[in-house]
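Here's the structure we're looking at; comments come further down.
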Amino acid sequence: MAQKPLRLLACGDVEGKFDVLFNRVRAIQKKSGNFDLLLCVGNFFGSTPDAEWEEYKTGIKKAPIQTYVLGANNQETVKYFQDADGCELAENITYLGRKGVFTGSSGLQIVYLSGTESLTEPVPGYSFSPKDVSSLRTMLCSTSQFKGVDILLTSPWPKYVGNFGNSSGEVDTKKCGSALVSSLATSLKPRYHFAALEKSYYERLPYRNHVVLQENAQHATRFIALANVGNPEKKKYLYAFSIVPMKLMDTAELVKQPPDVTENPYRKSGKEASIGKQIPIPEEDSACQFFFDLNEKQGRKRSSTGRDSKSPHPKQPRKPPQPPGPCWFCLASPEVEKHLVVNIGTHCYLALAKGGLSDDHVLILPIGHYQSVVELSAEVVEEVEKYKATLRRFFKNRGKRCVLFERNYKSHHLQLQVIPVPLSCCATDDIKDAFITQAQEQQIELLEIPEHSDIKQIAQPGAAYFYVELDTGEKLFHRIKKNFPLQFGREVLASEAILNIPNKSDWRQCQISKEEEEILARRFRKDFEPFDFTLDD
């Protein structure tokens, strides 16, 4: 019988906003069921008056979940953490201690390091030193059986964590963060590493913990930085994920490599990032990296797919092929406009369309580099279907039906266009008729295929095609033999018969400024959140 995953929550700086945090946790548990633990990094206490905390300390209020917190990051809050070895602060709220290892009854191993980096002596009570990092490393890495830890909790970000990865936003990881934390993460190889303090949310692409073709495959690490509780910008401060303890996992399953895995961000920065290190950090050439995640999910957003070149199980799915050049839709690519990304799942993500037909015209895209639906692996197809169903519910709630189409012709990365059409505009049959009529006018053979048919049964990998899926599940398909009008899908939907915006049939004529795109993206994320199935994983 498979081990049941633990369901955990991680949180950024609470800063004394206990009611905001715990009310949010209650709402999540009411919707998604109970979680096992809440792990808080960053500043748990703030500079605000203690009235709210006194209610928890005296038992008037109670945290709805067993909560573990890190210690002080400044002199002002040292007073709350009297015992350096950890202690109970209030019912269901426990201070882990300055540094150490917490192992749950399930075998889950959580390493924690409280405070901020200090390279001077004596070390303040709210800081850690190179000696602290060295002792943690010695405690855990001294045995030959050591493979890594499940979770690492620190308050500061690790310095250089953005190397080789997706953009870290406004946080410059070459200047911000702690090099000691980078060194610790390199040695401990956590499957998940959580941090805070920068008031920003950043989920980095997973990175390797082995040198390809030189070392046996090891599990990947996922770094997640969380924002501060109740921040006005609505940045993500709470992260839900599930995890099976490493010691209970089959090795082959543990070391599966996600399709979006990148090189280790700390390897090129060995001299700076390994202060106090006891083992050398080998140099490794940077490979081309493609693709995202918001998780291997054994944790919240991602089940690993693909396999390492030395995997003992050749029947595992192959890693997606790499693009022949720069790709606008591979999330690790510098060409990607990541401000348009509005939701990230395990194998797919949503992004606003560039020059969309409407403000809520979105794309469903695979995280891995797949060219078409025909080439998707089973798990990616499953999540694509989940996104489709979720978007149908989302748009229906907003008085719209959605039309989906794919053009696998003169494109390198699969883009499933999802265009909402107000119910008041026209009926589904009208949309269907408009596609068929315009296809006939342009001598395009658009065939209706069975509603529950699989495109893979009709088109072979590499074959060019165009297909439309209506909100009823009806599908129209065209096998492209020679030329095909690139804007055909948009032209039909923009026509007078449907949206009546013929001037928007070419996306290049619909582009807006980056600032306007960011506003639309923020609005979509907020509106979509109640429907976001990834929060339930």
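The values are calculated or read from the model by the stated rules, or taken from the named source; none is laboratory data. What you see is a predicted model; the values in this text were computed from it and never measured. When we count neighbours, we look across all protein chains shown, and the Cβ atoms used for this are built from the backbone with ideal geometry, even at glycine. These area figures cover heavy atoms from the full protein model, side chains too; ligands, DNA and RNA do not enter into them. Shrake-Rupley method; radii C 1.70, N 1.55, O 1.52, S 1.80 Å.
Taking Tyr207 as the residue in question, decide whether it is in contact with a Gly (Cβ under 8 Å, 6 or more places away or on another chain), open to solvent by 20 Å² or more (accessible area, probe 1.4 Å), modelled with pLDDT of 95 or more and within 29 Å of Ser106 (Cβ to Cβ). Outline the logic, then answer.
Details: in contact with a Gly (Cβ under 8 Å, 6 or more places away or on another chain): yes; open to solvent by 20 Å² or more (accessible area, probe 1.4 Å): no; modelled with pLDDT of 95 or more: yes; within 29 Å of Ser106 (Cβ to Cβ): yes.
The answer is no for Tyr207.
Can you tell me which residues in segment 506-537 are open to solvent by less than 70 Å² (accessible area, probe 1.4 Å) and of a type in the set (S, T, N, Q)?
Ser513, Thr534 - these are the residues of segment 506-537 that are open to solvent by less than 70 Å² (accessible area, probe 1.4 Å) and of a type in the set (S, T, N, Q).
Of all residues in segment 53-65, which are out of contact with any Lys or Arg (no Cβ under 7 Å at 6 or more places or on another chain), open to solvent by 30 Å² or more (accessible area, probe 1.4 Å) and in a loop (DSSP other than H, G, I, E, B)?
Thr58, Gly59, Ile60, Lys61, Lys62
Scan segment 451-505 for residues that are open to solvent by 40 Å² or more (accessible area, probe 1.4 Å), not in a loop (DSSP other than H, G, I, E, B) and not aliphatic (A, V, I, L, M) and jot them down.
Matches in segment 451-505: Lys456, Gln457, Arg479, Glu491, Pro502, Asn503, Lys504.
State yes or no: is Lys199 of a type outside the set (Gly, Ala, Ser), part of a loop (DSSP other than H, G, I, E, B) and over 22 Å from the mean Cα position of the chain (by Cα)? Full working, then the answer.
Values: of a type outside the set (Gly, Ala, Ser): yes; part of a loop (DSSP other than H, G, I, E, B): yes; over 22 Å from the mean Cα position of the chain (by Cα): no.
For Lys199, the condition - of a type outside the set (Gly, Ala, Ser), part of a loop (DSSP other than H, G, I, E, B) and over 22 Å from the mean Cα position of the chain (by Cα) - is not met.
For segment 119-175, how many residues meet the condition of being under 26 Å from Leu8 (Cβ atoms), basic (Lys, Arg) and either touching a Phe, Trp or Tyr at 6+ places or on another chain (Cβ under 8 Å) or assigned to a helix (DSSP H, G or I) (or both)?
Here the count works out to 1.
Limited to segment 217-249, what total is found for residues that are touching a Pro at 6+ places or on another chain (Cβ under 7 Å) and part of a loop (DSSP other than H, G, I, E, B)?
Counting residues in segment 217-249 that are touching a Pro at 6+ places or on another chain (Cβ under 7 Å) and part of a loop (DSSP other than H, G, I, E, B) gives 2.
Within segment 32-52, work out how many residues are buried (at least 22 other Cβ atoms within 10 Å of the Cβ) and either modelled with pLDDT under 95 or more than 27 Å from the chain's Cα centre (by Cα) (or both).
Within segment 32-52, residues that are buried (at least 22 other Cβ atoms within 10 Å of the Cβ) and either modelled with pLDDT under 95 or more than 27 Å from the chain's Cα centre (by Cα) (or both) number 1.
Restrict the check to segment 380-393 and report whether at least one residue is small (Gly, Ala, Ser) and more than 22 Å from the chain's Cα centre (by Cα). Working first, answer last.
At the first step, the residues of segment 380-393 found to be small (Gly, Ala, Ser) are 389.
Then drop every residue that is not more than 22 Å from the chain's Cα centre (by Cα), which leaves none.
No, because not a single residue in segment 380-393 is small (Gly, Ala, Ser) and more than 22 Å from the chain's Cα centre (by Cα).
Condition check: more than 28 Å from the chain's Cα centre (by Cα), under 30 Å from Leu184 (Cα atoms), surrounded by 15 or more Cβ atoms within 10 Å (Cβ to Cβ) and hydrophobic (A, V, I, L, M, F, W, C). Does Leu89 satisfy that?
Details: more than 28 Å from the chain's Cα centre (by Cα): yes; under 30 Å from Leu184 (Cα atoms): yes; surrounded by 15 or more Cβ atoms within 10 Å (Cβ to Cβ): yes; hydrophobic (A, V, I, L, M, F, W, C): yes.
Yes, satisfied.
Filter segment 160-196 down to residues that are over 17 Å from the mean Cα position of the chain (by Cα) and among the small types (Gly, Ala, Ser) and give me whichever is most open to solvent (accessible area, probe 1.4 Å).
Across segment 160-196, the extreme among qualifying residues is Gly177.
Applying the selection to segment 1-39, what residues are under 20 Å from Val244 (Cα atoms) and of a type in the set (A, V, I, L, M, F, W, C)? Lay out the reasoning, then the answer.
Here is the first cut: in segment 1-39, the residues under 20 Å from Val244 (Cα atoms) are 1-11, 29, 32-39.
The answer is Met1, Ala2, Leu6, Leu8, Leu9, Ala10, Cys11, Phe35, Leu37, Leu38, Leu39.
Going by the structure shown, is Thr103 surrounded by 16 or more Cβ atoms within 10 Å (Cβ to Cβ) and within 30 Å of Gly33 (Cβ to Cβ)?
Details: surrounded by 16 or more Cβ atoms within 10 Å (Cβ to Cβ): no; within 30 Å of Gly33 (Cβ to Cβ): yes.
No: the conditions fail for Thr103.
Considering each residue of segment 121-147, count those that are farther than 22 Å from Asp83 by Cα and in contact with a strand residue (DSSP E or B) (Cβ under 9 Å, 6 or more places away or on another chain), and give that number. Explain how you work it out, then say what you get.
Our first condition is that a residue be farther than 22 Å from Asp83 by Cα; within segment 121-147, this holds for 137-138, 140-147.
Still in the running and in contact with a strand residue (DSSP E or B) (Cβ under 9 Å, 6 or more places away or on another chain): 140.
The qualifying residues number 1.
Residue under question is Phe22, and the condition is that it be in contact with a Pro (Cβ under 6 Å, 6 or more places away or on another chain) and either at pLDDT 95 or above or of a type outside the set (S, T, N, Q) (or both); does it hold?
Numbers: in contact with a Pro (Cβ under 6 Å, 6 or more places away or on another chain): yes; either at pLDDT 95 or above or of a type outside the set (S, T, N, Q) (or both): yes.
It is true that Phe22 is in contact with a Pro (Cβ under 6 Å, 6 or more places away or on another chain) and either at pLDDT 95 or above or of a type outside the set (S, T, N, Q) (or both).
Report, by residue number, each residue of segment 8-21 that is under 15 Å from Ile93 (Cα atoms) and surrounded by fewer than 22 Cβ atoms within 10 Å (Cβ to Cβ).
If the condition is that a residue be under 15 Å from Ile93 (Cα atoms) and surrounded by fewer than 22 Cβ atoms within 10 Å (Cβ to Cβ), then Gly16, Lys17, Asp19 are the ones that fit.
On the given criteria, is Ala2 open to solvent by 20 Å² or more (accessible area, probe 1.4 Å), under 28 Å from the mean Cα position of the chain (by Cα) and either at pLDDT below 95 or not assigned by the TED database to the domain that holds Ser127 (or both)? Talk me through it step by step, then tell me what you get.
Values: open to solvent by 20 Å² or more (accessible area, probe 1.4 Å): yes; under 28 Å from the mean Cα position of the chain (by Cα): yes; either at pLDDT below 95 or not assigned by the TED database to the domain that holds Ser127 (or both): yes.
Against the criterion (open to solvent by 20 Å² or more (accessible area, probe 1.4 Å), under 28 Å from the mean Cα position of the chain (by Cα) and either at pLDDT below 95 or not assigned by the TED database to the domain that holds Ser127 (or both)), Ala2 qualifies.
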